[in-house]
Amino acid sequence: MPPCLDIYVATADRSTACLERFLAHYADLSTDRLRQDYEVFVTDVGDTVATGSLSATLVYGLADPNRNFALYFTSQQPLYTHVMVYFGHQGRLLLGLSVEDETAAGKSNQALAEAVMDRLCAEYHTEMGVYGFELAPADAEERLYPLLQ
């Protein structure tokens with residue numbers, strides 16, 4: 001997998017409807033919808049939890065505002081390399097997309113990352129977004145933390 005610029009927005013809408021809309025628009029769920037063996041590593045307890053199906057996993061993440069874990073999906077759109085959902089601290093929900101970093105090829109796609117971030121902010125009614133090279137969800141939340149208080 002090539003290196004990526006990861007783009008995240010923090011949405012105030014922490015709901016199943018928001019997650020389902022984001023995933024339906026960006027993620028290829030053709031195999032994920034059929035899985036019954038989801039497990040997530042919950043960072044605040046440092047343990048893996050069997051959550052079952054995708055819908056049960058989303059409900060599990062929304063049920064406790066202090067559960068911290070990330071989900072990664074294949075993108076249905078060729079522009080994006082993957083799709084991320086991060087259940088963060090204090091009820092934060094980050095939605096993310098990755099684009100291939102083309103710096104090695106002598107090109108910059110910083111403008112693309114900014115445009116994707118702006119579009120996500122508009123779609124999910126927030127002004128809080130961040131992007132960075134290979135930016136982990138927890139690191140994105142840490143960068144956004146001052147803005148989220």
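Where a number appears in this text, it was derived from the coordinates with a stated rule and is not lab data. For clarity, every value in this text was computed on a predicted model and none was experimentally measured. Here the Cβ positions follow ideal geometry from the backbone for every residue, glycine too, while neighbour counts run over all protein chains shown.
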Residue span residue 118 to residue 143: 0.36 nm per residue of separation minus Cα-Cα distance leaves a gain in nm of 7.3 nm
Extending each Cα 7 Å along its Cβ direction at residue 102 and residue 39, get the distance between those two points in nm, one decimal. 3.9 nm
Pairwise label distance in nanometres, residue 25 with residue 77, each label 7 Å out on the Cα-Cβ vector: 0.8 nm
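Work through the residues other than residue 48 whose Cβ is under 15 Å from its Cβ and net out their charges, Lys, Arg +1 and Asp, Glu -1.
-3
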Site residue 110, offset 7 angstrom along Cα→Cβ, radius 18 Å on amide nitrogen, limited to the range 123-149, gives 129-135
Stick to the Cα atoms of the range 34-91, pair each with every other, and give me the Kirkwood hydrodynamic radius in Å at one decimal. 12.1 Å
Rg [Å, one decimal], Dmax [Å, integer] - the chain, C-alpha atoms: 14.8, 45
Net charge near residue 133, counting Lys/Arg +1 and Asp/Glu -1 over other residues with Cβ under 9 Å of its Cβ? -3
Helix-derived mean residue ellipticity, 222 nm - over the chain, DSSP H n ≥ 4, -39500 (n - 2.57), to 500: -9500 deg cm²/dmol
